1. If you split all Cα-Cα distances of segment 222-266 into 5 Å bins from zero, what percentages do you get per bin, shortest first?
2. First select every other residue whose beta carbon is under 11 angstrom from the beta carbon of D232; then total the charges, Lys and Arg +1, Asp and Glu -1.
3. For T93, tell me the accessible area in Å² from a 1.4 Å probe, rounded to the nearest 10.
4. What number comes out for the charge environment of D104, summing +1 per Lys or Arg and -1 per Asp or Glu over other residues with Cβ under 11 Å away?
5. Give me the distance in nm between label points sitting 7 Å out from Cα along the Cα-to-Cβ direction at S697 and W749, one decimal.
6. Taking the full set of protein chains and a 1.4 angstrom probe, give the accessible area of I382 in square angstrom, rounded to the nearest 10.
7. Need one number: convex hull volume per residue for segment 545-601, Cα atoms only, in Å³.
8. Give me the angle, in degrees from 0 to 90, between the Cα long axis of helix 92-104 and the longest principal axis of the Cα atoms of the chain, rounded to the nearest 10.
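The values are calculated or read from the model by the stated rules, or taken from the named source; none is laboratory data. What you are looking at is a predicted structure, and each value in this text was computed from that prediction instead of being measured. Methodologically, a virtual Cβ is constructed for each residue, glycine included, from the backbone with ideal geometry; neighbour enumeration extends over all protein chains shown. Remember, those area values only see protein heavy atoms, side chains included, never the ligands or the DNA or RNA. Shrake-Rupley method; radii C 1.70, N 1.55, O 1.52, S 1.80 Å.
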Amino acid sequence: MVSPRQVLSLRPFTQHAARWWSRVGILVASALIILAAATRLWDPLPVETLRLKTFDFYNRLLPRPRLENSPVVIVNIDEKSLVEFGQWPWPRTRVARLLASLRDAGAAVAGFDIVFAEEDRTSPDAIANSLPGLNAPVRESLLSLPSNDERLARIMKTFRTVLGQAAGKDDTGDLPDDAASATSVKGIRTLGPAGKEPSDFLFSHPSLIGNIPVLEENALGRGIFSVADEVDGVVRRVPVITDVAGVLKPALTLEMLRVAFAGNSIFLTMDQAGLVDVGLQTSRGDFRVPVDEKGRVWVYFSEPDNLSKDNSHFYISAADILNKEVPPERLAGKLVLIGTSAAGLLDIRATPISARLPGVEVHANLLETILTQNFIQYPPEIRVLELAMIIIQGAIMILLIPRIGPVWTLAGLLLLGGSLIGTSWYLFEEYKILVDVTYPGIVVAILFAVLTFTNYARDAVEKRQVRSAFSQYLSPDVVEQLAKHPEQLKLGGETRYMTSLFCDVRGFTTISEQFKQDPQGLTSLLNQLLTPLTEAILRRNGTIDKYMGDCVMAFWNAPLLDPDQEAHACQAALEMLRQLDQVNETRSDAEPLKIGIGINSGECVVGNMGSDQRFDYSVIGDAVNLASRLEGQSKTYGVDIIVGPDTAAAVTDKFALAELDMIAVKGKSEAVKIYALIGNFNSITHEHFQEFTKEHSEFLSAYRGQNWASAKEHLQNCRQHLSGRLDAYYDLMAQRISLFETTPPPSDWNGVFEATSK
């Protein structure tokens, strides 16, 4: 068994293990912060997806307000139109009639979210060539008529029309040929650092799916309506400029604005990281479109239209226009997108606000976003802010968790995290600036888990060592308190008011001689005796300092404070006597064991003491020495328990005490009053004890006044009390009185007895 003096000598090992876990936590957390920051700079798909989901959440919480009189209209080739006018594709003559109706109603521009990649098969010449049995005059008549595509082209010449084009995914499509149209964009100019080209950053496609030449040559503009799905298939950002086989092509929406407002110049602003914004100069003023480095703009979606209602935000059925059922003022001055919501035409997209949104409505939202300049922005400065959130919060956790613990740190982080989330929402709501708090939040959660685990491991090491070291020397309640608060184990010496107890077995040398041939039996006897005595001390919150053969040393008020230390020491001493009686009952055939106990309180020094190579947790001081001397004097005075003056003063109202003498123990010149601990008031009749106390006090007064006759008289009266518990003491005092009668002490004698033995 580890010596009690070595209880806190394990503390250096505990500190070493705790420091090791702390260093591991700091190193791992620092590495995670560096890795997380590098990952954010790299911005892989999982990190980008988190940011995109943040945008989705914010867009759903706060969709873009609908305009009361939107400048954008969608002419919808819907189910109603297909039922009334037949399946798609329609004859180009019907499309021409639709376009003419828009022109006549005063629409500003029409843009097709449709590509006419093939000639109309219902044109007169196509019919003539498809009917081999047709007579010659009819054939010639049909061939002389203009084709349906030409009729559509003629209408397009009379109305501002933008044709849609799709970006090809391979080289089987057409190559862009902007020179084929004298009315197309004259050029897209680039403003940026030398050596950087937009094609270095833009989405690039090898070809495009265009319209038949007769249509493209007569349209005022052509734009790409292809949108770039995100990694999860949701449309959030749309390229406004696309690189198609080395030619920069504007998006359908941007081209519609240029054509509608007589613009002709598109400017791309770049920096070293990529595109910054796209500008459009028109007769109505300049439009600025902030884009990301790849030329994409965030589409700020409004709430989706309910297509089952007639008063929808964007939509007008193509059937209603063809049937002249739409008032002209509904279309006058509008930017018209011609597209479809019919499910069978496969132009349905997933967006943040709807899992099934017609693709043409994406362009309508983008047009409104540009016209109102109500953009969602994610500027480069925000990336720096997100990095700062990771680094600062990580540093805070590294500093605080080992010091104030995970609970308070978590509370602080929740407060800080809530503030960051609130700030992120405020920036989105007021300024439409997107700040991604999800990735920093996940990183912080991982860091918190790592640091909490290492902090827990460190505490577990400390608590395990504390429990292991103190479990044999402290009560379980005290051990648990130390395990929860190991910081109370102060290293080094400190001055503290304490109570010490010494217990020794009477005549142990004689007992040992009986076990010369059986040392194991002696050990067993000691264990049989010391175990219940130790339990009595531990149950009263005492600390075992050491076992010295048959002697036990214990103290109170360290390592944990004990405001009732004197009472606890006295209770433990009385319990030790009761335990001794039980031990003796089990040894009825052997000589009963006897113990003497000394208790004293006073200022002591407690802490680790020893050498650099070995030190133990113990207590030293005059008060401790006096407790040891009092234990030795218990045999002299014939009592079981002697307590010192400070201990007696603290428990005089709780226990039955009897003053024994004024004694100067060996090694000390100063005399102190010593007391016999007889019991507690529950075991002694209070009234009877009061009579004894009065008689005993008169005895001591006569004794110290050298009134020997009176002293002997009171001594005999005292013997009648307490059932002879102090007979041995009174025998000793009677011998002293007889000695003083023959050899009187000096006239100035003050009643102090100078002990010559320990």
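1. Distribution as computed: 5, 22, 25, 22, 15, 7, 3, 1 percent.
2. Numbers: positive: K53, R236; negative: E48, D56, D229, E230.
Spelling it out: positives minus negatives among the neighbours equals -2.
3. 50 Å²
4. On the way: positive: R97, R103, K324; negative: none.
It works out to a net charge of +3.
5. 2.4 nm
6. My reading of the accessible area for I382 is about 20 Å².
7. On the way: hull volume 5.0 nm³, N = 57.
Here the figure is 88 Å³ per residue.
8. 80 degrees
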